[in-house]
Amino acid sequence: MSELPKEEYLKKCTSACAGCSSTLCLRYVLKAAGPDTVLVVPACCTSVLQGIYPTTAMNVPVYNVAFAAAAACASGMSTAFSATGKKTNVIAYAGDGGTVDIGIQALSGALERGTNFLYICYDNEAYGNTGMQRSGATPIGARTTTTPGGKLETKKDIDRIVAAHEPPYMATACSAYPQDLYKKVKKALSIQGPKFIHILAPCPPGWRYPTEKTVELGKLAVRTGVWMLYEREAGKLTINGISKAAMKKPLPLEEYLSAQGRFKGISVEAIREMQLTLERNQRRLRNEEEGLC
Ligand SMILES: Cc1ncc(C[n+]2csc(CCOP(=O)(O)OP(=O)(O)O)c2C)c(N)n1
Ligand code: SF4
Ligand SMILES: [Mg+2]
């Protein structure tokens, strides 16, 4: 960690909740990107944590846009920069609701047009900013304010949807592994064209765990295999070492579930479905890495 740049582009005292991991992620994303960066943020917790005008925690320009529009606005901005010969990084930093639900058509369009930008989805698995309603990214069995008995549907697989667009680079990351995230952002920004990084971002009020457990929760997600860390560069998939090690000796899924109040009372069927989804995902990734599909 001591090798990461000392410069801060996200200042202290944001208005995020204590233990907010998406804010930590943004800090590392901006350390990797540096000062010649514009952030495009749709309506989400990141719109709020910046602070209230005329004060701001942000030390790079931020373009706050409508909920559905992050990828479209970033696309126009990227085109304008390249028309004027500027190399400024354009990074969309959007929540899961703004990505897998309302922003999906703009994201798909920008990927298809080959927009030169980095799209980051920080996934706290609910509409956090408006009080934890379920999103397409909420996992099965999770209690939210609109699924008080636990969500009935499985988490939407946005990574496979993005992969179908064949961007030159895409990756997953998790807030509990900041060096891994930092390296992935650096690599993404060195590549021309559309890049996508999907970060799992534990959220204390939404997932209902004590604030000091944020890093532990991220590690549990990876060590149980619920969240796989990998990169796909020019069509070649690599499962990262952390997840490879976790797959050899996975922790039981129950350890991850029991650490969170949102899974209290989850049904046996939902746990089984989650376990099957997790195993199917690992099998797919392993097969792809080995060139079997
Ligand atoms: C068209 C539209 N519908 C609803 C809203 C209200 N709204 C603002 S942020 C938000 C939730 C965003 O959720 P997500 O993208 O997951 O980000 P998070 O808040 O979790 O960081 C909602 C529903 C809005 N701003 N615009
Ligand atoms: S609701 Fe969750 S994601 Fe939003 S600021 Fe609070 S901890 Fe962060
Ligand atoms: Mg969210």
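Per the Cα gyration tensor, segment 196-270 maps to an equivalent ellipsoid with semi-axes of 25, 15, 12 Å, ordered largest to smallest. Cα centroid separation, segment 228-293 to segment 194-224: 14 Å. Within straight-line reach of LYS184, meaning a Cα separation under 16 Å, sit the following aspartates and glutamates at least 8 residues removed in sequence or on another chain: GLU3, ASP159, GLU231, GLU233. Let me make sure I get this right: for segment 144-194, a, b and c are the square roots of the gyration tensor eigenvalues over alpha carbons, sorted descending. Under 1.5 in a/c it's rounded, otherwise prolate if a/b > b/c, else oblate. Which is it? Oblate, because a/c is 1.5 or more while a/b does not exceed b/c.
Would you mind telling me the share, in percent, of accessible area of the chain contributed by carbon and sulfur at probe 1.4 angstrom? Walk me through the numbers on the way to the answer.
Numbers: 7420 of 13150 Å².
Ligands and nucleic acids excluded, carbon and sulfur give 56 percent.
Considering only DSSP states other than H, G, I, E and B, which trypsin sites (Lys or Arg not before Pro) in segment 106-212 qualify as loop sites with at most 16 other Cβ atoms within 10 Å?
Hits after loop and neighbour filter: ARG113, ARG208.
Scalar couplings 3J(HN,Hα) for segment 221-232, obtained by applying the Karplus form with A = 6.51, B = -1.76, C = 1.60 to θ = phi - 60°, are 4, 6, 6, 8, x, 4, 10, 9, 9, 7, 10, 10 Hz; x denotes Gly and Pro. Helix 21-33 and the long axis of the chain differ in direction by around 40°, with both axes built from C-alpha atoms.
Where nothing but the Cβ of Lys and Arg (+1) and of Asp and Glu (-1) is charged, how large is the charge dipole of segment 1-154 around its Cα centre, in debye to the nearest 20? Walk me through the numbers before you get to the answer.
On the way: 11 positive and 10 negative charges, 53 e Å.
Dipole magnitude for segment 1-154 comes out near 260 debye.
For segment 21-289, the relative contact order works out to 17 percent when only alpha carbon pairs closer than 8 Å and six or more residues apart are counted.
When you filter the trypsin sites (Lys or Arg not before Pro) in segment 1-75 for DSSP loop state and at most 16 other Cβ atoms inside 10 Å of their Cβ, you are left with LYS6, LYS11, LYS12. Leaving out same-chain residues fewer than 8 places away, which lysines sit with a Cα under 21 Å from that of LYS155? Within the straight-line limit of under 21 Å, LYS155 reaches these lysines: LYS219, LYS264.
A DSSP coil position with no more than 16 other Cβ atoms inside 10 Å describes the following GluC sites (Glu not before Pro) in segment 185-293: GLU290.
Across q = 0.11 Å⁻¹, segment 21-289 modelled as identical point scatterers on its alpha-carbon atoms has Debye log10 I(q)/I(0) values of -0.57, in the order of the q list. Amide H contacts of SER135: TYR127, each under 5 Å away and 5 or more positions distant or on a separate chain (H built 1.01 Å from N in the peptide plane; Pro and chain starts excluded).
The values are calculated or read from the model by the stated rules, or taken from the named source; none is laboratory data. Quick caveat, the model's predicted, so the values are computed rather than measured. A quick note on method: Cβ atoms are made from the backbone with ideal geometry, for glycine too, and the neighbour counts reach across all protein chains shown. Heavy atoms of the whole protein, side chains included, go into the accessibility calculation; ligands, DNA and RNA do not. Shrake-Rupley method; radii C 1.70, N 1.55, O 1.52, S 1.80 Å.
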